[in-house]
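The values are calculated or read from the model by the stated rules, or taken from the named source; none is laboratory data. These numbers come from a predicted model, not from an experiment. As a convention, Cβ positions derive from the backbone with ideal geometry for all residues, glycine included, and neighbour counts pool all protein chains shown.
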Amino acid sequence: MSASENRKLRVCVVGAGTRFLSGITVYNFGLANAMSRRYQVSTILMRQLLPTILYPGRERVGMSLTRLRHDPSVREFDGVDWFWIPSMLRALVFLVRQRPDFIVFMWWTGTVLHSYILLALVARLIGARVLIDFHEILDTGESRLFFAQSYVKLVAPLFVGLASGFVIPCEEDRPLLEKQYALGTSPVTVISHPPLDHYQMAEGQVMRREAPESCCNLLFFGTIRPYKGLETLIAAFDSIPEDEIERYWLTVVGESWEGWTLPLELIARSRYRDRITLVNRYVHDDEVAAFFTGADAVVLPYHRSAISGPVHVAMAHGLPLVITSVGALPSTTAGYRGQILVPPQDVDALRSAIAQAAAMRGQRFSHPNSWDDMVRDYSALIAAVAPDRDTTGVMEEVVT
């Protein structure tokens, strides 16, 4: 005799853990927590992305730098190590026990590719549909390494071929991703990035600001890498006329990667060095909130970009935002009234945009997207991939 009972659709989110903390970690936790309001969610975290000695931020690997936590309803496995033994066996047991209907993989680095292929294969064997959420075509540091680039180009099609649908940050990325990974005819959905809004001031916490209150405190935040364009910002800051510089202060907060020291050298030689605050390390979540609360505007002059965590932290705080019109940035910030777009590597345009941002000092703006919007868009993708599934989060299961 059979009876029917309703159960929530089961979704497993696979992505970055907190041991190698990054913006992808924040997104990964946020997505799992947001989806838990509609679905029964589990998560498998990538714990040891690669041998620590090979990681650009190796000095802070494993440090307690975040207050990120999953919702109590989210079942968490933390996590899979690059070398698998014995973590992968435990992850596979966890996956089989959770029996997800859908499994969502965050894609940003080739270091997880061998783990993703095995997890995706087992997920398919137990009846799950595979979705891939692309954050990068490939990490910019890896894309400069011939071996890493060749490995991903050769092996990634095996992983992509297991997927039933894809998430991309903007339409501009679609041709590049299709060229690199041959997405085929599976549904591709553009999902806008929500605010990274978990960085909140704790009770009794003081904002971080060396700038005098009379100044517009310009904040550059994030890892210092060749594509981030900090050297362009230093040049623009140095080009401000002497009779105007009293209106400005520059705060740079970020960890150097890939041996990129040029921006630090330019700061040391800057004619306005006494008006620049430099914090050259990866900061704790509590400090993130303190630095953004102390800022009057955020300036992120990237030379290239797919999506950017600092952009969405700035938008979550409602700050005026100067960014370059590269990659997905114009699309992902569309609708944000505090946005000021400039061409990449244009010092004069950047200096002019800084003056515009200073004129907006004190104004606050709303982020145009939300986590609920993201879950809604994911539900639409699930419906396109498996129209027989109930995307409200509840499905009928036959029990014998």
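Does at least one position in segment 277-295 carry a residue that is within 20 Å of residue 248 (Cβ to Cβ), charged (D, E, K, R) and not in a loop (DSSP other than H, G, I, E, B)? No, the conditions are met nowhere in segment 277-295. Residue count for segment 158-171 satisfying the condition of being surrounded by fewer than 18 Cβ atoms within 10 Å (Cβ to Cβ) and either assigned to a helix (DSSP H, G or I) or on the phi > 0 side of the Ramachandran plot (or both): 2.
Within segment 139-157, does at least one residue satisfy the condition of being touching a strand residue (DSSP E or B) at 6+ places or on another chain (Cβ under 8 Å) and either part of a loop (DSSP other than H, G, I, E, B) or buried (at least 17 other Cβ atoms within 10 Å of the Cβ) (or both)? Let's see the steps before the verdict.
We begin by selecting, within segment 139-157, every residue touching a strand residue (DSSP E or B) at 6+ places or on another chain (Cβ under 8 Å); these are none.
Among the residues of segment 139-157, not one is touching a strand residue (DSSP E or B) at 6+ places or on another chain (Cβ under 8 Å) and either part of a loop (DSSP other than H, G, I, E, B) or buried (at least 17 other Cβ atoms within 10 Å of the Cβ) (or both), which makes the answer no.
Look at (1) in contact with a Ser or Thr (Cβ under 7 Å, 6 or more places away or on another chain); (2) hydroxyl-bearing (Ser, Thr, Tyr); (3) part of a helix (DSSP H, G or I); (4) touching a residue at least 60 places away in the same chain (Cβ under 8 Å) and you find that residue 27 fails only one, number (1).
Selection of segment 173-204 for residues being of a type in the set (A, V, I, L, M, F, W, C), over 24 Å from residue 310 (Cβ atoms) and assigned to a loop (DSSP other than H, G, I, E, B) yields 182, 183.
Determine which member of the set 68, 95 is in contact (Cβ under 8 Å) with a residue 60 or more places away in the chain and in a loop (DSSP other than H, G, I, E, B).
Values: 95 fails: in a loop (DSSP other than H, G, I, E, B).
Result: 68 is the single residue among 68, 95 that is in contact (Cβ under 8 Å) with a residue 60 or more places away in the chain and in a loop (DSSP other than H, G, I, E, B).
If we keep just the residues of segment 296-325 that are modelled with pLDDT under 90 and part of a loop (DSSP other than H, G, I, E, B), which is farthest from the chain's Cα centre (by Cα)?
First pass over segment 296-325, keeping only residues modelled with pLDDT under 90: 304-309.
In the following step, the residues that additionally are part of a loop (DSSP other than H, G, I, E, B) were identified as 304-308.
Working: 304: 15, 305: 11, 306: 9, 307: 7, 308: 6 Å.
Filtering first and then ranking leaves 304.
In this structure, is residue 331 closer than 30 Å to residue 66 by Cβ, assigned to a loop (DSSP other than H, G, I, E, B), assigned by TED's automatic domain parsing to the domain that holds residue 231 and not aromatic (Phe, Trp, Tyr)?
On the way: closer than 30 Å to residue 66 by Cβ: yes; assigned to a loop (DSSP other than H, G, I, E, B): no; assigned by TED's automatic domain parsing to the domain that holds residue 231: yes; not aromatic (Phe, Trp, Tyr): yes.
Judged against the criteria, residue 331 is not a match.
Working carefully through the options 290, 268, find the one that is among the aliphatic types (A, V, I, L, M), on the phi < 0 side of the Ramachandran plot and free of Cβ contacts under 8 Å to residues at least 12 places away in the same chain.
On the way: 290 fails: free of Cβ contacts under 8 Å to residues at least 12 places away in the same chain.
Checking each option against the conditions leaves just 268.
Pairs meeting the criteria (first residue in segment 344-359 and touching a residue at least 24 places away in the same chain (Cβ under 8 Å) and crowded, with 19+ Cβ neighbours inside 10 Å, second residue in a helix (DSSP H, G or I) and among the small types (Gly, Ala, Ser), beta carbons under 6 Å, at least 6 apart or on different chains) are 350/236; 351/236. Has segment 101-111 got any residue that is of a type outside the set (A, V, I, L, M, F, W, C), crowded, with 18+ Cβ neighbours inside 10 Å, modelled with pLDDT of 95 or more and not in a helix (DSSP H, G or I)? Yes, there is a match, as at least one residue in segment 101-111 is of a type outside the set (A, V, I, L, M, F, W, C), crowded, with 18+ Cβ neighbours inside 10 Å, modelled with pLDDT of 95 or more and not in a helix (DSSP H, G or I).
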